[in-house]
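See below for the structure under consideration.
The values are calculated or read from the model by the stated rules, or taken from the named source; none is laboratory data. Keep in mind the model is a prediction, meaning the values are calculated, not measured. In this analysis, Cβ positions are derived from the backbone assuming ideal geometry, glycine residues included, and neighbour counts consider all displayed protein chains. Accessible surface areas use protein heavy atoms only, side chains included; no ligands, DNA or RNA. Shrake-Rupley method; radii C 1.70, N 1.55, O 1.52, S 1.80 Å.
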Amino acid sequence: MLTGRSPEKTRAIATELGVDSYVADFTRLDDVARLAAEITGAYPRIDVLANNAGGMFGTQTRTVDGFEKTFQVNHLAPFLLTRLLLDTLIASRASVIQTSSTVRFTKTIDLTDLDHDRHFDAVHAYGAAKLENILFTQELHRRYHAEGIAAASFYPGNVLTGFGAEATKPIIRLVRRVAANPLGRRLFSTPEQGADQLVWLAQGTPGADWESGAYYYRRAITKPSNAQAFDEALARGLWERSQQLTTAALRPR
């Protein structure tokens, strides 16, 4: 089963693969809630949930739910989808996989300012969201591994895609110029190479092929290059704050 934001692209890929497809816009949390309800109604069992949606954007933008777009698309929407599917995931003893990134240069995550209102920087907002993916994975493991869920996050490497097309930061524009150069392309992975880690985790057996709660790069457990990734109190706080925000956003207006 495949989900995507674009009806045309999602339908085309699903047709090529011969699978069902669903459409949801992660800038709208009611879309995420609808998607969860549709999946729950159609699938009594879920073996793997791959939270792969993400993006880096330009100037600070608010979604219809009032959250900064990078934070919502990369973290808050996948968090909500996972939480709404928890009963099925637990009953299925499912694997939940988050596509993260390198978090070497991510600055401090402030649970009182997850929308980065005090100081917005597109690269920092993206890095924070990817670190939140790692923290979410670890807290999901801590809370629900004993009930059957396995969770992992991973860094796919520098993949040659259209990622960051909306970003306006000079460093991102430079990276995209390098990627457009035939020689520069050698520094990047192909989409197929970038997908290898996700496919390996999805097809593997937790506990035998990979370890729940861990962060992977090139099929090996890797230590995230950011001390905040090991902060258990921060992981718990992020979970609790995310639950508060998503619950409030979905209340009838």
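Of all residues being assigned to a loop (DSSP other than H, G, I, E, B) and among the acidic types (D, E) in the stretch 12-27, which is farthest from L80 (Cα to Cα)? Just the residue, please.
D20
How many residues, within the stretch 98-109, are open to solvent by less than 50 Å² (accessible area, probe 1.4 Å) and among the hydrophobic types (A, V, I, L, M, F, W, C)?
Selection size over the stretch 98-109: 2.
Are any residues in the stretch 80-105 at pLDDT 95 or above, more than 14 Å from A50 (Cα to Cα) and among the aliphatic types (A, V, I, L, M), and if so, which ones?
Listed by number, the residues that qualify are L84, I90, A91.
Testing G66 on (1) of a type in the set (G, A, S); (2) modelled with pLDDT of 95 or more; (3) buried (at least 17 other Cβ atoms within 10 Å of the Cβ), one condition comes back false. Which one is that?
Result: G66 passes all but (3).
Report yes if G194 is closer than 28 Å to T27 by Cα and open to solvent by less than 70 Å² (accessible area, probe 1.4 Å), otherwise no.
Against the criterion (closer than 28 Å to T27 by Cα and open to solvent by less than 70 Å² (accessible area, probe 1.4 Å)), G194 qualifies.
Yes/no per residue for (1) assigned to a strand (DSSP E or B); (2) surrounded by fewer than 22 Cβ atoms within 10 Å (Cβ to Cβ); (3) free of Cβ contacts under 8 Å to residues at least 40 places away in the same chain:
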{"position": "F57", "(1), (2), (3)": "no, yes, no"}
{"position": "T70", "(1), (2), (3)": "no, no, no"}
{"position": "V96", "(1), (2), (3)": "yes, no, no"}
{"position": "L111", "(1), (2), (3)": "no, yes, no"}
{"position": "G127", "(1), (2), (3)": "no, no, yes"}
{"position": "F136", "(1), (2), (3)": "no, no, no"}
{"position": "Y144", "(1), (2), (3)": "no, yes, no"}
